[in-house]
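**Student:** Below you will find the structure I want to go over with you.
The values are calculated or read from the model by the stated rules, or taken from the named source; none is laboratory data. In this text the structure is predicted, and so the values were computed from the model without any measurement. FYI the Cβ positions are ideal-geometry reconstructions off the backbone, even for glycines, and counts take in every protein chain you see.
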Amino acid sequence: MKKLFLILSMAVGLLSCQNKEAERAKKEQLIISRSDSLTTLVQQEIMKNLMQAIEKGGPEYAVDFCHAEAIPLTNAAVENMQVFVQRISDKNRNPDNDLKTKTDKEVFEHFTTDEAAKDTLILENKQYVYYKRINLAMPTCLKCHGSVKDIEPGILAKLEAHYPNDKAKDYELHELRGLWKLTYKQEE
């Protein structure tokens, strides 16, 4: 009888572990899906506003606009969503977008070496952190992120005025520019 009870207890324990694992996998898939949608929404909002700025005042005006509005636009797009959104890069323009943590550096290295990597989700310090690739996707991006010799002098002067330690130049079209990083509120 004890043997039967022990076998039943082990079976119930095993099923319980499998259920928790299935629930965790489902939750993580929802976070990945939500994060992909959020980053797409934020990227579209930034690009829409940036293109309007270019139409309104040209690329030099767009540099001023991006400097003043990119972070507020990002924050407004995810307001009340219990997530902190950043863009990070090894060649950052804004010092706040540098790879600051060991995990950021390791994940960025992974994306650098694996061109097929689209996104990844990790659980770190009881928080889910989602990373998604940002490639330089449009020729317009090269006006500010392309080869220094090809960036117009007026745009280059604006970039140097706003970002004296700018490293976000000399990219080629479709090259890895950085990562979206979404940090969700701490798990209970």
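**Student:** Please go through the range 53-101 and give me each residue that is of a type in the set (Asp, Glu), surrounded by 14 or more Cβ atoms within 10 Å (Cβ to Cβ) and within 21 Å of LEU176 (Cα to Cα), ordered by number.
**Tutor:** ASP90, ASP98 - these are the residues of the range 53-101 that are of a type in the set (Asp, Glu), surrounded by 14 or more Cβ atoms within 10 Å (Cβ to Cβ) and within 21 Å of LEU176 (Cα to Cα).
**Student:** Within the range 145-167, is even one residue touching a strand residue (DSSP E or B) at 6+ places or on another chain (Cβ under 9 Å) and either part of a loop (DSSP other than H, G, I, E, B) or more than 30 Å from SER33 (Cβ to Cβ) (or both)?
**Tutor:** yes
**Student:** In the range 97-113, how many residues are part of a loop (DSSP other than H, G, I, E, B) and either closer than 23 Å to SER37 by Cβ or of a type in the set (Val, Ile, Thr) (or both)?
**Tutor:** Residues flagged as part of a loop (DSSP other than H, G, I, E, B) and either closer than 23 Å to SER37 by Cβ or of a type in the set (Val, Ile, Thr) (or both) within the range 97-113 amount to 1.
**Student:** Can you tell me which of TYR171, TYR128 is outside any loop (DSSP other than H, G, I, E, B), touching a residue at least 12 places away in the same chain (Cβ under 8 Å) and surrounded by 18 or more Cβ atoms within 10 Å (Cβ to Cβ)?
**Tutor:** Only one candidate qualifies: TYR128.
**Student:** Within the range 69-93, how many residues are at pLDDT 90 or above and of a type in the set (A, V, I, L, M, F, W, C)?
**Tutor:** 4
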